[in-house]
Amino acid sequence: MLRGDIAEGTRLLLIRHGETEWNRDQRVQGHQDVPLSETGREQARRLRDWLHAEPDVIYTSDLQRAWTTAEILAHNAVGVIPEVRLREVGMGRFEGLSIREIRLKFPVAWTAWRQDAIRHRPPGGETLEDLQARVFAAVGDRLPCHPGQTVALVTHAGVVRVLVCGLLRVGLEVYPHLRVDNASITRFEFRAQGPSLVAFNEVGHLRDSAAGAEEGDR
């Protein structure tokens, strides 16, 4: 699924942005440019301290909840590079609404999307296949430029999920069963046989900090 050759020894960190107020309110974000909450900023600071000298380079979604997280993580030796293809899945007319509001306004579309987000999309939004295609195009373009280095992608829960499915060569049916908390780290290392999952949804740095709501992450 990846375009281009990824050098053995390259390490990939998949980092979800810190919490926003919309996460807490279970309000769908998608492409809406929602800022971090103060809790989200604190989560990013804890993540920065946890990572120490990692990574060598950071690519980030251009949405400010990810961009701000990336800026907090960065130190003098690290560049932060925006990559629009790392945006969250587009949720169309669901964006800005709470789960309760979507159920009331779009009951048929919501039920169809919840039951099968691979084949159904929110009105005006993307399918999971759309999301996975653009995300893997970005990774395939960017990762070969950093052989043997540690590359961080600061992005969104949906992006992390489709990357995990694709890198492990499992179907997108697994997507709903993957929990990705705010400011969590998922680690891959590229070896001779391909990508290996080293850690999933690492949150040790957030033990006494709110992790964010699952339903409002998109």
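The values are calculated or read from the model by the stated rules, or taken from the named source; none is laboratory data. Bear in mind that the values here come from a model prediction, so they are computed numbers and not experimental data. Heads up, the Cβs are rebuilt from the backbone with ideal geometry, glycines too, and the neighbour counts pull from every protein chain shown.
Which residues, taken from region 41-70, are in a helix (DSSP H, G or I) and not hydrophobic (A, V, I, L, M, F, W, C)?
Arg41, Glu42, Gln43, Arg45, Arg46, Arg48, Asp49, Gln64, Arg65, Thr68, Thr69
Taking Leu143 as the residue in question, decide whether it is under 13 Å from the mean Cα position of the chain (by Cα) and either surrounded by 15 or more Cβ atoms within 10 Å (Cβ to Cβ) or of a type in the set (Phe, Trp, Tyr) (or both).
No.
Working only within region 56-104, note down all residues that are small (Gly, Ala, Ser) and farther than 17 Å from Ala183 by Cα. If you could, list the steps in order and put the result at the bottom.
The first filter runs over region 56-104 and keeps only residues small (Gly, Ala, Ser), leaving 61, 66, 70, 74, 77, 79, 90, 92, 96, 98.
Those that are small (Gly, Ala, Ser) and farther than 17 Å from Ala183 by Cα: Ala77, Gly79, Gly90, Gly92, Gly96, Ser98.
Which is under 29 Å from Ile118 (Cβ atoms), basic (Lys, Arg) and buried (at least 18 other Cβ atoms within 10 Å of the Cβ), of Arg65, Arg93, Arg103, Arg46?
Testing whether each residue is under 29 Å from Ile118 (Cβ atoms), basic (Lys, Arg) and buried (at least 18 other Cβ atoms within 10 Å of the Cβ) leaves just Arg65.
If you go through region 24-40, how many residues are modelled with pLDDT of 95 or more and either under 14 Å from Ser61 (Cα atoms) or assigned to a helix (DSSP H, G or I) (or both)?
Looking only at region 24-40, we keep the residues that are modelled with pLDDT of 95 or more, and these are 27-40.
Those left that are additionally either under 14 Å from Ser61 (Cα atoms) or assigned to a helix (DSSP H, G or I) (or both): 29-36, 38-40.
Qualifying residue count for the region: 11.
In this structure, is Glu83 among the acidic types (Asp, Glu), farther than 18 Å from Arg134 by Cα and under 18 Å from the mean Cα position of the chain (by Cα)?
On the way: among the acidic types (Asp, Glu): yes; farther than 18 Å from Arg134 by Cα: no; under 18 Å from the mean Cα position of the chain (by Cα): yes.
It is false that Glu83 is among the acidic types (Asp, Glu), farther than 18 Å from Arg134 by Cα and under 18 Å from the mean Cα position of the chain (by Cα).
Is it fair to say Ile6 is surrounded by fewer than 19 Cβ atoms within 10 Å (Cβ to Cβ) and modelled with pLDDT under 95?
On the way: surrounded by fewer than 19 Cβ atoms within 10 Å (Cβ to Cβ): no; modelled with pLDDT under 95: yes.
Taking the combined requirement at face value, the residue does not satisfy it.
Only one of (1) in a loop (DSSP other than H, G, I, E, B); (2) hydrophobic (A, V, I, L, M, F, W, C); (3) in contact with a Pro (Cβ under 9 Å, 6 or more places away or on another chain) fails for Ala183. Which number is that?
Against the list (1) in a loop (DSSP other than H, G, I, E, B); (2) hydrophobic (A, V, I, L, M, F, W, C); (3) in contact with a Pro (Cβ under 9 Å, 6 or more places away or on another chain), Ala183 comes up short only on (3).
Yes/no per residue for (1) farther than 21 Å from Thr20 by Cβ; (2) of a type in the set (Gly, Ala, Ser); (3) in a loop (DSSP other than H, G, I, E, B):
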{"site": "Glu88", "(1), (2), (3)": "no, no, yes"}
{"site": "Gly96", "(1), (2), (3)": "no, yes, yes"}
{"site": "Ile118", "(1), (2), (3)": "yes, no, yes"}
{"site": "Gly124", "(1), (2), (3)": "yes, yes, yes"}
{"site": "Ala133", "(1), (2), (3)": "yes, yes, no"}
{"site": "Phe136", "(1), (2), (3)": "yes, no, no"}
{"site": "Val154", "(1), (2), (3)": "no, no, no"}
{"site": "Gly158", "(1), (2), (3)": "no, yes, no"}
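Output the number of the condition that Arg16 fails; it satisfies all remaining conditions of (1) over 16 Å from the mean Cα position of the chain (by Cα); (2) closer than 29 Å to Glu101 by Cα; (3) crowded, with 19+ Cβ neighbours inside 10 Å.
Condition not satisfied by Arg16: (1).
Mind telling me which of the residues Val154, Val203, Val198 ends up being under 10 Å from the mean Cα position of the chain (by Cα) and among the β-branched types (Val, Ile, Thr)?
Numbers: Val203 fails: under 10 Å from the mean Cα position of the chain (by Cα); Val198 fails: under 10 Å from the mean Cα position of the chain (by Cα).
Sole residue among the options that is under 10 Å from the mean Cα position of the chain (by Cα) and among the β-branched types (Val, Ile, Thr): Val154.
Out of region 98-116, which residues are acidic (Asp, Glu) and in a helix (DSSP H, G or I)?
Listed by number, the list holds a single entry, Glu101.
What's the number of the only condition in (1) more than 20 Å from Gln43 (Cα to Cα); (2) without any contact (Cβ under 8 Å) to a residue 24 or more places away in the chain that Ile99 fails to meet?
(2)
Among Leu131, Leu153, Leu167, Leu178, which is the only one that is aliphatic (A, V, I, L, M), in contact (Cβ under 8 Å) with a residue 24 or more places away in the chain, closer than 27 Å to Glu8 by Cα and out of contact with any strand residue (DSSP E or B) (no Cβ under 6 Å at 6 or more places or on another chain)?
So the residue among Leu131, Leu153, Leu167, Leu178 that is aliphatic (A, V, I, L, M), in contact (Cβ under 8 Å) with a residue 24 or more places away in the chain, closer than 27 Å to Glu8 by Cα and out of contact with any strand residue (DSSP E or B) (no Cβ under 6 Å at 6 or more places or on another chain) is Leu131.
I'd like to check something: does region 147-169 contain any residue that is of a type in the set (D, E, K, R), surrounded by 19 or more Cβ atoms within 10 Å (Cβ to Cβ), in contact with a Leu (Cβ under 8 Å, 6 or more places away or on another chain) and over 15 Å from Val84 (Cα atoms)?
Yes, there is a match, as at least one residue in region 147-169 is of a type in the set (D, E, K, R), surrounded by 19 or more Cβ atoms within 10 Å (Cβ to Cβ), in contact with a Leu (Cβ under 8 Å, 6 or more places away or on another chain) and over 15 Å from Val84 (Cα atoms).
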